[in-house]
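This report refers to the structure that appears directly beneath it.
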C-alpha cells in the first residue's frame, strides 16, 4: 500500500487523480498558490489545459463541456481572486445541476487565517454555492478527496464541488491511492431506483387520464441518453402531449408530433394551457420553478401530479404532488415503460381524442407569431434562419441570458439532448460564449454557436483571446438591438416605460473587435442579406463575431406576466402598447 | 421566516400560508468533519429557516459521528423541507423529526432536557430566598461566596425559564444554557 511507487507530491497526486477519473481537458488560470500543479501540467501530455482569460470563463467552459458530453467539467484556479471569480459559475452549475470539479489553490496551511496575500476563505465562500467542498490539509488525504469529489459531483443530482489545496500540501510527498481503493463516504449514497409501488400507482393514474401532459426538464438531460430514449418511448406508447422547461429542450425532439413547445413565462400558448387544464401531470426531472408555475395558487388547479426526481428535497418544495417517485429519470422511466407495455391492452386510446382536439385549437392560435419585415431583421426571423441553415449539421447551441435566449428557445428546434447549453436557474449573462468554447473543446469538429445579446456578450468577451489561441472556431451570433432587451421589456411592463440604464449608448464595433482579437467579424443589417451572411459565418474556420442588427424594440412574447396564471398569457397580437402598460397590476409590480 | 416577509402576491412565494407554525425537535446524525456545523447552520440561514435551540457534540468517537439537536419552528410543509434539505448535505447520515416520531409512539413530545448555570447575587434575605427556591427546583449550588451563588439546574426548558424568571428579582447576574438535548422514549434508537 505504501510502496515507494505510490509516493508522490501533492501536485503529482492531483494530476494522477484527474487522469484516473478520466479527465482529458481542464480549464484554468495560474497563480501563486497553484504553481506546483501548473508545473506538473507542464511535464505531462495526457491532460490538455485550456488557458482562459478570467476564472468565470473557466467555470462556464467547464459547464459547457460537461453539459455537452455528460462528463464532469474540471476547472483549476488560484487562491483569493481566482477562487472568488469562480463563484458565479459554481452557483450557476449548482442551480442547473451541472457536474463540475473546481480545484483551487490555497495559501500554505501555516498562513491560513493570517490574511496572507491572495488568501480568502474559499471553503466558507463556496459552501452555499457547491454541492460539497473540501479543504485538504493532509497530502495523504488528497487522492481520496479528489476521487470522492468526482463521485459527489456526478452521482445523484449532479452539481459543483470545490477541492481547496494549500500550497504546502501540493509540495508535500504522500501516498497515492487509486479510485478503486478508496472507501466512499457512507453518509452520501444516492438512490437511483424508484419505488416500484409508486411507479405502479403512477401508471394506474396515467391509464385513466383523459387530459394528461408530460412536463420534462433538465433532469432528463442530466440522467443521460438512456433517459431521453425512454422518454421518447413513453411518449410514443402513451400518445401523451409533452412540453419541457428551458433546461430540458432536446430530450424530446422539437419535430415530434406530441411536442407542445416550451412552457412557462415565455412558453407557448398550447403548452401553458395544457398544463393549466390537464387532469394528470407527469413531471419528469423538473422542479416547478417559479418561471414555470406562474401564480402558484392558480397552477394547474385540477390535476393529479406525478413527480419523478432524484432529489427528495425537490418533492413538494413549491407544488404539492400526489405521486412522488424518487430516483434517476432513466431508471424510473425504464420501469414505467415496462409497466405501461404490460398494461397497454387495457388502455383505451380513444379517450385522448377530445384533449388532442383542444390542443389543436390552442396550437392554431399560433402564439409565436410575429410581424415579419422586409426592411429590418426581426430577431425571431434571425433565429429561424440560423436554425434552417444549421439544422442538417452537427450543431451545438449555447446562449447568454435575455430576450435572445428566449427567442432561441422558442425558434430553434432541438432534436437531440446535450445540444443546448443555457443558464436557466441562475440566469448568468456572460455564460454563453465561454460555455461555447468549452463545447468546442469537447467537439472540435462540430459547429458551435453562441446565440448572444449585445449586452451579455460583453460580460465575457475576453475569452475571444482564448478561442483564438486554441483555434476554436466558435461562432458568436449577436442579436444586436442596442438594449438590454429583457430589462427594457420589464421596464415597459412594470415601470411606466422609464428605460433606466437599459440602453447601451456606446456600443463597440463588433466587427473590429473580432478582428482585434484575431477572429473574423461579420455584420448584417438587411433581411435579404442574412442567409448569405450566416453561410459565410458557418464556412469561416475561425472564431466569428456576427453582429446581427435586429429590430431595436421587438419584445418577447408570449409572456405570462408576474403574478398571473398560465391561462392569463399575454399573446403577441394582443400585446399593444396599452396592453403592455396595463399587463401587470400593482401587486404584480412588486414581483420579479 | 422568509415566507412571511414576502409581499403578498409574490411570484416567488404566492400561496397564502394557511398552515400554522409548529415547534419541532430534530436529531441530525453527521460525520464529525471540519465545517459540518457551518453547513447545517448556513442551510438554515440561507433558506430562511429558524433555529430556536442548537446543541452539538460528538457522540460516537470511533465512528466520528456527531449528533446535532435542533429545535426549529415552521409549518409542516417547511419542516418537511428542512428535513429534506438537511438530508441532502453530504456529511449528514440521518435526520429524525423527534416530535413527529414521538407522536407516532403515542407521546406528546420527545424527552427534552437542558442544563443551565445561573449566577445570582445573594445577600441578606434575598440570599435565603434564592437558596430556598433553588432547593425547590432541585438546582444545586456549585460555587458560592458571601455575596453570590452559581446554581446548576437541569430540566425541561420550561422549568429553566421559570427558575430564571424567579431569580431575576433576587439578583440575577448571568445565565448560560446548553441548548436542548433530546431523544424519544422507548427502546428504539433514532
Within segment A:189-205, the residues that are exposed (fewer than 13 other Cβ atoms within 10 Å of the Cβ) and within 11 Å of chain B (Cβ to nearest Cβ) are A:189
- Item | Verdict on residue A:287 being part of a helix (DSSP H, G or I) and either closer than 23 Å to residue A:266 by Cβ or under 26 Å from the mean Cα position of the chain (by Cα) (or both) | no
Sole miss for residue B:10 among (1) on the phi < 0 side of the Ramachandran plot; (2) out of contact with any strand residue (DSSP E or B) (no Cβ under 8 Å at 6 or more places or on another chain); (3) modelled with pLDDT of 90 or more is condition (3)
Exactly one of A:472, A:494 is touching a helix residue (DSSP H, G or I) at 6+ places or on another chain (Cβ under 6 Å) and under 23 Å from residue A:28 (Cα atoms), and that one is A:472
Across segment A:354-381, the tally of residues that are in a helix (DSSP H, G or I) and either under 25 Å from residue A:531 (Cα atoms) or in contact with a helix residue (DSSP H, G or I) (Cβ under 6 Å, 6 or more places away or on another chain) (or both) stands at 6
Those residues of segment A:33-88 which are closer than 28 Å to residue A:226 by Cβ and assigned to a strand (DSSP E or B) amount to A:73, A:74, A:75
Reported set for segment A:502-528 where residues are part of a helix (DSSP H, G or I) and in contact (Cβ under 8 Å) with a residue 60 or more places away in the chain is A:527, A:528
By residue number, the members of segment B:66-95 that are in a strand (DSSP E or B) and more than 9 Å from every other protein chain (Cβ to nearest Cβ) are B:66, B:67, B:68, B:69, B:70, B:71, B:72, B:73, B:74, B:95
Residue hits (segment B:47-63; touching a helix residue (DSSP H, G or I) at 6+ places or on another chain (Cβ under 9 Å) and either more than 10 Å from chain A (Cβ to nearest Cβ) or closer than 18 Å to residue B:91 by Cα (or both)) are B:48, B:49, B:50, B:51, B:53, B:54, B:56
Of the candidates A:286, A:271, the one satisfying the condition of being more than 14 Å from chain B (Cβ to nearest Cβ) and more than 22 Å from residue A:570 (Cβ to Cβ) is A:286
Of the residues in segment B:154-174, those that are touching a helix residue (DSSP H, G or I) at 6+ places or on another chain (Cβ under 9 Å), closer than 16 Å to residue B:53 by Cβ and surrounded by 17 or more Cβ atoms within 10 Å (Cβ to Cβ) come to B:155
Checked A:405, A:384 against criteria (outside any loop (DSSP other than H, G, I, E, B) and out of contact with any helix residue (DSSP H, G or I) (no Cβ under 7 Å at 6 or more places or on another chain)); the one match is A:405
Looking for something more than 25 Å from residue A:203 (Cβ to Cβ), part of a helix (DSSP H, G or I) and at pLDDT 95 or above - is there at least one such residue anywhere in segment A:234-243? no
Does at least one position in segment B:109-125 carry a residue that is at pLDDT below 95, out of contact with any helix residue (DSSP H, G or I) (no Cβ under 9 Å at 6 or more places or on another chain) and away from every other protein chain (no Cβ under 14 Å)? yes
Residue A:468 meets each of (1) modelled with pLDDT of 95 or more; (2) not in a helix (DSSP H, G or I) with one exception, condition (2)
Residue pairs within 6 Å by beta carbon, gap of at least six or interchain, first lying in segment A:172-188 and closer than 17 Å to residue A:137 by Cβ and away from every other protein chain (no Cβ under 14 Å), second in a loop (DSSP other than H, G, I, E, B) and at pLDDT below 90, listed first then second, are A:175/A:2
Among A:82, A:113, the single one that is surrounded by 24 or more Cβ atoms within 10 Å (Cβ to Cβ) and over 15 Å from the mean Cα position of the chain (by Cα) is A:82
Exercise. Return a yes/no flag: does segment B:105-127 have any residue that is touching a strand residue (DSSP E or B) at 6+ places or on another chain (Cβ under 7 Å), free of Cβ contacts under 8 Å to residues at least 60 places away in the same chain and either farther than 18 Å from residue B:154 by Cα or not assigned by TED's automatic domain parsing to the domain that holds residue B:153 (or both).
Key: yes
In segment B:19-36, residues that are within 14 Å of another protein chain (Cβ to nearest Cβ) and either out of contact with any helix residue (DSSP H, G or I) (no Cβ under 7 Å at 6 or more places or on another chain) or part of a loop (DSSP other than H, G, I, E, B) (or both) total 8
Here the residues within segment A:297-353 that are part of a loop (DSSP other than H, G, I, E, B), away from chain B (no Cβ under 14 Å) and over 19 Å from residue A:213 (Cα atoms) are A:327, A:328
Evaluate segment A:543-551: report whether one residue or more is out of contact with any strand residue (DSSP E or B) (no Cβ under 6 Å at 6 or more places or on another chain) and surrounded by 23 or more Cβ atoms within 10 Å (Cβ to Cβ).
yes
From the option list B:169, B:187, single residue qualifying as part of a helix (DSSP H, G or I) and free of Cβ contacts under 8 Å to residues at least 60 places away in the same chain is B:169
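The values are calculated or read from the model by the stated rules, or taken from the named source; none is laboratory data. The structure presented is a predicted model; accordingly, all values stated were derived computationally and were not measured. Every residue, glycine as well, gets a Cβ built from its backbone with ideal geometry; the counts of neighbours run over all protein chains shown.
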